[in-house]
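K.L.:
One structure coming up, written as C-alpha cells, with questions to follow.
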C-alpha cells in the first residue's frame, strides 16, 4: 500500500511537470503570434504573474574535441533567461515582453551554446536589455502605469455597461424575428416604416425606455442588413443544435424531396431522421437549388456534402425518396451512388406514395373504372365555378383534386357517396329550369344527373367508398413520422387482410345497391352472360387488383423481416420458439452494426421479462433509457430499436416543406437570396425547436456571438 502511494505521488509530479512545460511553451508561442504590447492589462498581469518559462530543452554545439550542451543551471545564474521547447532556442524574457526592435534574444532565438557565456555577458550590458528589465520590475508600480490602468479600468467598465445595454436590446430584436417566423409573417413592407419588424419594435419601445431611446437616436438596429444578419444567426444556432443532436444520435437516415418554387427553380428539400432520448426526430436542413444539375451524380454530391457538413456519414442507415416523377430516372442511380460510400444506407420508398401508386395502377388496369373516375373528378371542377350554389344546396364543399397526394381523391368519393341524393336533386333542379343556367352548366348537369342514377356508377361508388375508407386510414397512418416501421408493416398487412375478407361479401354489397335505391341493373340481353355474374366479376377484379398491387409495391419489405423480432404482439410465440429465420435479413442489411450472437441472447431474455410485454419499439427504448439498461444489460436491443426507429416510413414531412417554400417565396417576394430563403425555411419548419431553444438561458448569447462574427456593424456587443 505504501509503495503504491509513492508511485502515485511520483506519477502526479511527472504529470504536473509535463502540464507546466506545455503551458510554458504555450505562453511563448502565443507571445510570438500576439505580442505582449497588444494584450489587455489583465492579460499582461497574468503573463507576468506566471513568470518566465524554464523548460528542459536539448541545445548542443559541437566543438573541436567535445560537445557543449545547455544546462538547466543556466536558468539559476541568469534570472532573465527563458527558452522555447518547440523552437529549441534561448530567449530573454524581459526583451520578449518589452523590447520592440527585433533581435536574437527576443525574436530569432539564441542556440550557439559554445559562445553562450560571452553572448550572455554582452546582452546583459546592452541598453535595450537594461530598459526591458526596468520595465518588467516596475510594471504596474509606477504612477503612470497606475494611471493608465485606472483609465483603462474605467473605460472597460463603461464599454461593458454599453455592451450589456446593447445585448438587452438585441434580445428584443431576436424575439421579434422569432415571433414573425413562428407566425409566418413577412418582415418588411413596401417602405421602410411599414414592415412588421419595425412595427413590432415600435410597439415594444412603448414599454422599454432604452429601446425607445435607441430607435429615436439611431437606425442601426433596424437596417435591412441587421435584420438579415439576425435571421442568419438564429438559423446558424438552430443548425448547430441539430448538428449536436445528430452527433449524439446512433444512426441517421436522409430524406430528399424535390419541388419547384414560384420562379420555376428546382429546389431540393433535405431532412434527417434520428432518435433523440427515445423519441423520433425529423429535422429540416434547408433548401438547395438543383436547377443546374438534377442528375444522380449531382444529387449524390449534395447528399455527401450534407453528410460531411454534419459529420454523420458513418451513421447513415437509410435513404428515403418519394419515388414520384421528380426523381424519375434518378432513384436507382442516386441510391447506388450513395451506397458506394455508405454501404448501410438501404433505400426505402415512401409508404404513402407507394399506396398512391397502388390506387392509381389498380384503377388504370380496369377499363370499367376509368369512366367512373373521369366522371367523379369532374365534380370539383363543376362546383368550383358555382360555390354559392353548392353552399346553398348541399352545404358541402368539394376537396380540390390533388395530383401529388392522390390521383383519385377518397374525399371526393366520400362526399359524393354521403350526399348522392342531394346532388341528384340539385342537378335535376338545373335540368328542370334551363333558362336560369348557361348552356355548359345545363349540359353538364344532365350528364352528372344521368351518372348518379346509373347502376354501374352506384355500384363502383359503393365499392370504392369502402376501399378508400380503408386505404385513407392507412395513408394517414403512413404519414405519421413518429411511428416505427414495424407498426406500419402491421397496418399494411391488416389492410390486405380486410380487403380479402370483403372480397367474399359480394352478395351483401350487390343486394344493398340493388334493393336500397330506386336504381336497377340493366336487363339481361340475349347471348350475354348473367348480369349478376358480370358485376361479381368486376367486384372481384377490383379487390384482387388492389390487393395484388399492395403486395407488389410492398414486397421489398422482406429485407426488413428482422423488425419482427421486437414486435411485442409476438413475444409469447418467440418465448416458445426463437425466430431464427428473421436474422438473415438483419445480417444482409446491417451485419456490421449489430452483434447477432449477443443480440440473440438479449432477445431471449427480453421475451421472458414481463416488463417488456405490450411495449412497442419506442416503449422499449424509453424503458431501457429510464432504467439505465441501454449500455450494460441490453445494448444490442437498444441499438436495434434505434435502428428500426431511424428507418423512414414516409417522406410526408419533407413533402410539407414545399408549402412552406410557396409561402416564403411568392410573386411579390421573389428576390430572396439563397441563404435567407433557406434560413427562414428552417426557422418556420423547426418552430417547435426554436421555441424550445428560446427558453434556454444561453440561446440569446449564442445568437449574439454568431451575429458578431457575421455583422460589420459598429454596435458594441463584445465584452472586454
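K.L.:
Just the residues that are under 19 Å from residue 139 (Cα atoms) and not in a strand (DSSP E or B), please, taken from the stretch 77-114.
P.N.:
Scanning the stretch 77-114 gives 79, 80, 93, 94, 95, 96, 97, 98, 99, 100, 106.
Results for (1) at pLDDT below 70; (2) within 36 Å of the chain's Cα centre (by Cα); (3) closer than 16 Å to residue 460 by Cβ, shown as yes or no for each residue.
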residue: 320; (1), (2), (3): no, yes, no
residue: 342; (1), (2), (3): no, yes, no
residue: 346; (1), (2), (3): no, yes, no
residue: 352; (1), (2), (3): yes, yes, no
residue: 367; (1), (2), (3): no, no, yes
residue: 373; (1), (2), (3): no, no, yes
residue: 394; (1), (2), (3): yes, no, no
residue: 417; (1), (2), (3): no, no, yes
residue: 426; (1), (2), (3): no, no, no
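K.L.:
Follow-up. Search the stretch 573-586 for residues that are closer than 13 Å to residue 601 by Cα and pair each with any residue that is assigned to a loop (DSSP other than H, G, I, E, B) when their beta-carbon atoms are under 8 Å apart and the residues are at least 6 apart or on different chains.
P.N.:
Between residues of the stretch 573-586 that are closer than 13 Å to residue 601 by Cα and residues that are assigned to a loop (DSSP other than H, G, I, E, B), the close pairs are 575/608.
K.L.:
Of the residues that sit in the stretch 322-340 and are outside any loop (DSSP other than H, G, I, E, B) and surrounded by fewer than 16 Cβ atoms within 10 Å (Cβ to Cβ), which one is modelled with the highest pLDDT?
P.N.:
So the residue we want is 340.
K.L.:
If you don't mind, there's one more thing I want to ask. Only one residue in 493, 504, 436, 440 is surrounded by fewer than 18 Cβ atoms within 10 Å (Cβ to Cβ), at pLDDT 75 or above and either in contact with a helix residue (DSSP H, G or I) (Cβ under 7 Å, 6 or more places away or on another chain) or under 21 Å from residue 536 (Cα atoms) (or both), so which one is that?
P.N.:
Answer to the check: 504.
K.L.:
Answer with yes or no whether residue 603 is touching a strand residue (DSSP E or B) at 6+ places or on another chain (Cβ under 8 Å), under 18 Å from residue 630 (Cα atoms) and either assigned by TED's automatic domain parsing to the domain that holds residue 622 or part of a helix (DSSP H, G or I) (or both).
P.N.:
Considered against the rule, which asks whether it is touching a strand residue (DSSP E or B) at 6+ places or on another chain (Cβ under 8 Å), under 18 Å from residue 630 (Cα atoms) and either assigned by TED's automatic domain parsing to the domain that holds residue 622 or part of a helix (DSSP H, G or I) (or both), residue 603 comes out as no.
K.L.:
Search the stretch 577-591 for residues being modelled with pLDDT of 85 or more and part of a loop (DSSP other than H, G, I, E, B), and hand back the single one that is farthest from residue 642 (Cα to Cα).
P.N.:
577
K.L.:
If you take the residues of the stretch 86-97 that are surrounded by fewer than 18 Cβ atoms within 10 Å (Cβ to Cβ) and within 9 Å of residue 28 (Cβ to Cβ), which of them is modelled with the lowest pLDDT?
P.N.:
86
K.L.:
Would you say residue 402 is modelled with pLDDT of 85 or more and outside the structural domain of residue 566 (by TED's automatic domain parsing)?
P.N.:
Spelling it out, it is not the case that residue 402 is modelled with pLDDT of 85 or more and outside the structural domain of residue 566 (by TED's automatic domain parsing).
K.L.:
Quick one: would you say residue 205 is surrounded by 15 or more Cβ atoms within 10 Å (Cβ to Cβ) and more than 21 Å from residue 307 (Cα to Cα)?
P.N.:
Criteria met by residue 205.
The values are calculated or read from the model by the stated rules, or taken from the named source; none is laboratory data. Remember, it's a predicted structure, so these values are computed and weren't measured experimentally. Here Cβ is always computed from backbone atoms with ideal geometry, including for glycine, and neighbour counts include all displayed protein chains.
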